[in-house]
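S.K.: Mind having a look at this structure? Questions to follow.
The values are calculated or read from the model by the stated rules, or taken from the named source; none is laboratory data. These figures come from a predicted structure and were not determined experimentally. Here the Cβ positions follow ideal geometry from the backbone for every residue, glycine too, while neighbour counts run over all protein chains shown.
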Amino acid sequence: MTATTVNDPVVDVSVTRRWMILFSVVLGSTIYNATILVASGLQPQMQGAMSATQDEIAWTVTFNILATAIVTPMTGWLTARFGARNVMVWSVFTFTVATLMCGLAGSLESLVFWRIVQGGGGAALVPLGQTILLNVFPSFQHGMAISVFGVANMAGPVIGPSLGGYIAEVWSWRWVFYLTVPFGVAAFIAFRAALPKDEPGVRPSLDWTGFLALATALALAQIVLSRGQRLDWFQSIEITAATALSAIALYVFVAHCLTSPRPFLSPSILTDRNYLLGFILVTVFGMLNFTPMVLLPQLLQAHAGFPDSLIGFIIAWRGLGAVIGFFLSDKIARIDPRIGMAGGFALHAVSGFWLSSIDLNVPDWVLAANGFIQGVAIGIIWVPMSFAAFRTLAPTYRAEAMGVFHLMRNIGSSFFISLSVAEIVRATGANFSRLVENVSPFNRSLNLPWVAGSWSVETLPDMARLAREINRQAALIGYLNAFWMYMIASLCAIPLALLLGRRTR
């Protein structure tokens with residue numbers, strides 16, 4: 001490969017069209033990323049409207065991310081089969097229709113179904129959008145293009161829950177989906193106008209064995225994590241069977257990839273040291289990226305009494321931090337990108353430790369400052385991590401490698417959110433049982449005014465009020481446990497970041 005090949009765009013387009021492509025890709029990825037977590041801020045309202053439990057309403061987030069994870073690895077095949085322009089146009093079309101149907105959903109089952117279609121339909125927008133930018137911009141502008149694209153990717157999950165919370169409070173949660181539809185239509189028109197027409201080429205066949213095995217393994221694993229706590233884990237035949245089938249499907253997928261001449265995901269891309277480390281780091285990054293934005297709205301509204309608009313304001317500070325972090329990342333990367341990545345994961349650890357010490361009377365400015373730190377961490381991690389992972393890969397592998405890269409990010413997010421919710425449900429029930437043991441007429445301490453305070457067990461209303469408070473405190477312990485898990489995952493990523501190659505350009 002010559003120096004000219006490396007520095008020149010893969011797709012030769014005019015400068016004006018190049019910027020039109022950047023605008024359309026950023027618009028499409030922003031609205032898609034905004035809707036991934038928009039349900040997190042709407043969960044309390046949707047939970048009441050759909051008569052769902054806490055872990056059931058979490059499916060609207062986890063199964064959306066899972067659908068994205070399953071379809072994302074197909075990006076390379078879809079691009080080779082139908083062309084980048086067709087994939088982007090019809091992805092945003094499917095996404096827009098599914099978004100409209102989410103707003104019209106009348107039951108939990110239909111809402112989860114259309115969230116799955118929404119996630120799977122738009123899954124190609126992010127990895128293929130990033131690939132298109134790398135192909136149409138010369139290498140010396142890759143940093144600028146990826147930074148703009150990265151800001152859009154991080155701003156979307158902030159804009160969605162924050163603006164969605166305000167819209168839901170003023171109107172209803174359905175209008176959050178309705179108002180997304182016009183932006184989806186605009187992205188559809190922009191893709192058709194800006195992206196160059198695809199040239200006819202070889203149309204490869206899809207490795208259905210590998211795809212179906214991977215999809216089955218991921219879907220069943222997600223079901224185990226989402227329903228395991230409610231069904232008492234391996235005491236349930238359903239959970240035991242799903243775990244066994246998931247393990248078998250994963251074995252079939254790995255064995256097939258290692259033995260097939262044309263596997264669904266080529267293991268050869270993992271032979272690159274930087275990409276392999278980036279593959280692991282992006283999984284941890286996914287675990288840290290979305291989890292606080294799913295957990296905090298539920299904690300703040302259901303147990304701390306925060307209104308939707310204030311929750312949106314708190315989340316918006318995370319977006320501000322992400323923008324600042326992206327601007328800082330380029331300067332830090334010029335010194336040593338490993339410093340930025342290690343520092344970003346360290347900031348995540350600080351954020352998790354801080355959240356693990358809050359109580360239900362936490363001031364809003366504390367949560368805003370914590371979210372700001374998370375945003376800065378995201379910003380200074382993403383750009384150098386993306387550069388380091390793809391620096392030594394040839395352009396011909398970008399589509400497939402980018403699909404796997406975003407696959408692992410989404411798997412990390414989906415699985416870690418489910419683990420966190422399962423821990424919250426488990427800890428809430430266990431700690432409620434332990435705490436109520438002390439609420440008894442035989443507990444003489446409750447007869448002491450300075451111990452009992454305003455609480456009483458003399459009447460049923462008093463006992464009900466006390467039970468609600470005990471449930472709040474028991475739930476808080478579960479959330480604090482989840483934030484401890486968040487901190488530990490952050491600390492584990494720091495030594496891996498230091499193993500990456502120093503140069504990213």
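S.K.: Kindly indicate which of Ala123, Ala145, Ala67, Ala155 is in a helix (DSSP H, G or I), modelled with pLDDT of 80 or more and crowded, with 21+ Cβ neighbours inside 10 Å.
M.R.: Details: Ala123 fails: in a helix (DSSP H, G or I); Ala145 fails: modelled with pLDDT of 80 or more; Ala155 fails: modelled with pLDDT of 80 or more.
Testing whether each residue is in a helix (DSSP H, G or I), modelled with pLDDT of 80 or more and crowded, with 21+ Cβ neighbours inside 10 Å leaves just Ala67.
S.K.: I need the full set of residues from region 351-361 which are surrounded by 18 or more Cβ atoms within 10 Å (Cβ to Cβ) and not in a helix (DSSP H, G or I), in order please.
M.R.: Hit for region 351-361 is Ile358, nothing else.
Rundown of residues vs (1) in a loop (DSSP other than H, G, I, E, B); (2) at pLDDT 85 or above; (3) over 26 Å from Ile280 (Cα atoms), yes/no style:
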{"residue": "Met402", "(1), (2), (3)": "no, no, no"}
{"residue": "Ser413", "(1), (2), (3)": "no, no, no"}
{"residue": "Ile417", "(1), (2), (3)": "no, no, no"}
{"residue": "Ala422", "(1), (2), (3)": "no, no, no"}
{"residue": "Trp455", "(1), (2), (3)": "yes, no, yes"}
{"residue": "Ala464", "(1), (2), (3)": "no, no, yes"}
{"residue": "Tyr479", "(1), (2), (3)": "no, yes, no"}
{"residue": "Ala482", "(1), (2), (3)": "no, yes, no"}
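S.K.: Taking Thr99 as meeting all but one of (1) surrounded by 24 or more Cβ atoms within 10 Å (Cβ to Cβ); (2) closer than 22 Å to Phe211 by Cα, write down the number of the exception.
M.R.: The failed condition is (2).
S.K.: Restricting attention to region 390-397, does a residue exist that is under 30 Å from Arg262 (Cβ atoms) and buried (at least 24 other Cβ atoms within 10 Å of the Cβ)?
M.R.: First, the residues of region 390-397 that are under 30 Å from Arg262 (Cβ atoms): 390-397.
Narrowing the set further to residues that are buried (at least 24 other Cβ atoms within 10 Å of the Cβ) leaves 390.
Checking region 390-397: at least one residue is under 30 Å from Arg262 (Cβ atoms) and buried (at least 24 other Cβ atoms within 10 Å of the Cβ).
S.K.: Just to verify a result, which residue in region 258-275, among those that are over 26 Å from the mean Cα position of the chain (by Cα) and either free of Cβ contacts under 8 Å to residues at least 40 places away in the same chain or closer than 16 Å to Tyr397 by Cα (or both), is surrounded by the fewest Cβ atoms within 10 Å (Cβ to Cβ)? Quick ask: steps written out before the conclusion?
M.R.: Applying the first criterion (over 26 Å from the mean Cα position of the chain (by Cα)) to region 258-275 yields 258-263, 268, 271.
Those still in the list that are either free of Cβ contacts under 8 Å to residues at least 40 places away in the same chain or closer than 16 Å to Tyr397 by Cα (or both) too: 258-259, 261-263, 268, 271.
Values: Leu258: 9, Thr259: 8, Pro261: 5, Arg262: 10, Pro263: 18, Ser268: 11, Thr271: 9.
Filtering region 258-275 for residues that are over 26 Å from the mean Cα position of the chain (by Cα) and either free of Cβ contacts under 8 Å to residues at least 40 places away in the same chain or closer than 16 Å to Tyr397 by Cα (or both), the one surrounded by the fewest Cβ atoms within 10 Å (Cβ to Cβ) comes out as Pro261.
S.K.: To continue, here is another question. Quick test of your reading of the structure: Arg409 fulfils all but one of (1) at pLDDT 85 or above; (2) basic (Lys, Arg); (3) crowded, with 17+ Cβ neighbours inside 10 Å. Name the failing condition by number.
M.R.: (1)
S.K.: Now a separate question. Out of all the residues in region 45-59, which are in a helix (DSSP H, G or I) and at pLDDT 70 or above?
M.R.: Taking region 45-59 as the starting set, the residues that turn out to be in a helix (DSSP H, G or I) are 45-50, 54-57, 59.
Matches in region 45-59: Gln45, Met46, Gln47, Gly48, Ala49, Met50, Glu56, Ile57, Trp59.
Results for (1) surrounded by fewer than 22 Cβ atoms within 10 Å (Cβ to Cβ); (2) among the β-branched types (Val, Ile, Thr); (3) in the same structural domain as Pro363 (by TED's automatic domain parsing), shown as yes or no for each residue.
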{"residue": "Val323", "(1), (2), (3)": "yes, yes, yes"}
{"residue": "Phe326", "(1), (2), (3)": "no, no, yes"}
{"residue": "Asp336", "(1), (2), (3)": "yes, no, yes"}
{"residue": "Gly344", "(1), (2), (3)": "no, no, yes"}
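S.K.: Mind telling me which of the residues Ile335, Ile358, Ile314, Ile339 ends up being of a type in the set (Val, Ile, Thr), under 29 Å from Val148 (Cβ atoms) and in contact with a Phe, Trp or Tyr (Cβ under 9 Å, 6 or more places away or on another chain)?
M.R.: Details: Ile335 fails: in contact with a Phe, Trp or Tyr (Cβ under 9 Å, 6 or more places away or on another chain); Ile358 fails: under 29 Å from Val148 (Cβ atoms); Ile339 fails: in contact with a Phe, Trp or Tyr (Cβ under 9 Å, 6 or more places away or on another chain).
Step by step, each of Ile335, Ile358, Ile314, Ile339 is checked, and only Ile314 is of a type in the set (Val, Ile, Thr), under 29 Å from Val148 (Cβ atoms) and in contact with a Phe, Trp or Tyr (Cβ under 9 Å, 6 or more places away or on another chain).
S.K.: Could you tell me how many of the residues in region 181-203 are at pLDDT 85 or above and surrounded by 15 or more Cβ atoms within 10 Å (Cβ to Cβ)? Talk me through it step by step, then tell me what you get.
M.R.: From region 181-203, those at pLDDT 85 or above are 181-191; that's our starting set.
Filter again for surrounded by 15 or more Cβ atoms within 10 Å (Cβ to Cβ), leaving 181, 183-184, 186-188, 190-191.
Counting residues in region 181-203 that are at pLDDT 85 or above and surrounded by 15 or more Cβ atoms within 10 Å (Cβ to Cβ) gives 8.
S.K.: Another question, then. Against the conditions (1) under 30 Å from Thr392 (Cα atoms); (2) out of contact with any Leu (no Cβ under 6 Å at 6 or more places or on another chain); (3) buried (at least 24 other Cβ atoms within 10 Å of the Cβ), where does His348 fall short? Just the number, please.
M.R.: With (1) under 30 Å from Thr392 (Cα atoms); (2) out of contact with any Leu (no Cβ under 6 Å at 6 or more places or on another chain); (3) buried (at least 24 other Cβ atoms within 10 Å of the Cβ) applied to His348, the lone miss is (2).
S.K.: Quick one: how many residues across region 221-234 are surrounded by fewer than 21 Cβ atoms within 10 Å (Cβ to Cβ) and either among the aromatic types (Phe, Trp, Tyr) or modelled with pLDDT of 80 or more (or both)?
M.R.: Going through region 221-234 one residue at a time, the tally reaches 2.
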